[in-house]
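> Take this structure, written in structure tokens, and hold onto it; I'll ask about it next.
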Amino acid sequence: GVGVCPVLPVGYAALPGTADPASDNYGNYQYSDGSVMVWVPRFYYRIGSPASPLYGAYGANAIDIVGDSAFGSEADANSAGYALHRAFFDGGPQLGFFVDKYQCSNNGGIASSIRYGAPLSTAAAHNPISALAGAPANSYAGTIVAAKTRGAAFHPCSQFIYGALALLSMAHGQASASATWCAWYDATGVSNFPKGCNNNAMRDSNDASVMYVSEIGRAHV
């Protein structure tokens, strides 16, 4: 689900390891404001196909994902039971999309994707987006304005982009045989998916070893 961008837009630069599949920076690029973003190349997918090599293990939940080069056209992909994901349409089919690697933080008035940054929020007392350039409103609608502090082309992730990332995460777990290349791999298949802060107590509801620390009250230097 990650790859090398074939035509790098203005303002982006490759990082050490961007073209190395074994690197943590594979498919990673840095924008001019310092944001680290990941390139997700266009892909086709099918779910629950009896022709899938994973069908025996996952049945109707079996996910197959192939790159754009696997078919000569979208019609060819459709005839083989695959669909082009909706995340790759923006006024027509696109080669892929960039997505932030980290949650946005206030980088001198810009909403930037920077590692270890204090996540922005719409709460006035908690790293509010209103502190960004242009003082976006502390509301969900304000996040649209907040995203554009990085540039006019930037926007909050669409539901389609999040859907594509979730699909890739599940497919990655199904295609893995160990945790070597898949940090959330679970051989039992019970929790073979990414973990997060989702139990309202700074933990993950499926994995007690995953812990979080509240950003509220921490000192910032």
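The values are calculated or read from the model by the stated rules, or taken from the named source; none is laboratory data. Model, not experiment: these values are computed from the prediction. Note that each Cβ is placed from the backbone with ideal geometry, even for glycine, and that neighbours are counted across all protein chains shown. With ligands, DNA and RNA removed, areas are computed over all heavy atoms of the protein, side chains included. Shrake-Rupley method; radii C 1.70, N 1.55, O 1.52, S 1.80 Å.
> Inside the range 42-62, can you point out the residues that are part of a helix (DSSP H, G or I) and either touching a helix residue (DSSP H, G or I) at 6+ places or on another chain (Cβ under 7 Å) or not polar (S, T, N, Q) (or both)?
Of everything in the range 42-62, those that are part of a helix (DSSP H, G or I) and either touching a helix residue (DSSP H, G or I) at 6+ places or on another chain (Cβ under 7 Å) or not polar (S, T, N, Q) (or both) turn out to be Y55, G56, A57, Y58, G59, A60.
> Does at least one position in the range 16-27 carry a residue that is in contact with a strand residue (DSSP E or B) (Cβ under 6 Å, 6 or more places away or on another chain) and closer than 18 Å to C182 by Cβ?
Looking through the range 16-27, at least one residue is in contact with a strand residue (DSSP E or B) (Cβ under 6 Å, 6 or more places away or on another chain) and closer than 18 Å to C182 by Cβ.
> Could you please tell me which pairs satisfy a Cβ distance under 7 Å, a separation of 6+ or placement on different chains, a first residue in the range 10-37 that is in contact (Cβ under 8 Å) with a residue 60 or more places away in the chain and on the phi > 0 side of the Ramachandran plot, and a second residue that is surrounded by 15 or more Cβ atoms within 10 Å (Cβ to Cβ) and part of a strand (DSSP E or B)?
Close Cβ pairs (under 7 Å, with a partner that is surrounded by 15 or more Cβ atoms within 10 Å (Cβ to Cβ) and part of a strand (DSSP E or B)) amount to G11/Y31; G34/N107; G34/S112.
> Hey, which of the strands (runs of 3 or more DSSP E) in the range 63-125, taking only ones fully inside, have at least 3 residues that are under 22 Å from G3 (Cβ atoms)?
Those strands (runs of 3 or more DSSP E) span 63-67, 96-100.
> Please enumerate the residues belonging to the range 40-76 that are in contact (Cβ under 8 Å) with a residue 40 or more places away in the chain, surrounded by 15 or more Cβ atoms within 10 Å (Cβ to Cβ) and over 21 Å from P21 (Cβ atoms).
Hits for the range 40-76 are L54, Y58, A62.
> May I pose another question? Does the range 12-60 hold any residues that are at pLDDT 95 or above and aromatic (F, W, Y), and which are they?
Y12, Y26, Y29, Y31, W39, F43, Y44, Y45, Y55
> Kindly establish whether Y29 is among the aromatic types (F, W, Y), out of contact with any helix residue (DSSP H, G or I) (no Cβ under 6 Å at 6 or more places or on another chain) and open to solvent by less than 50 Å² (accessible area, probe 1.4 Å).
Judged against the criteria, Y29 is a match.
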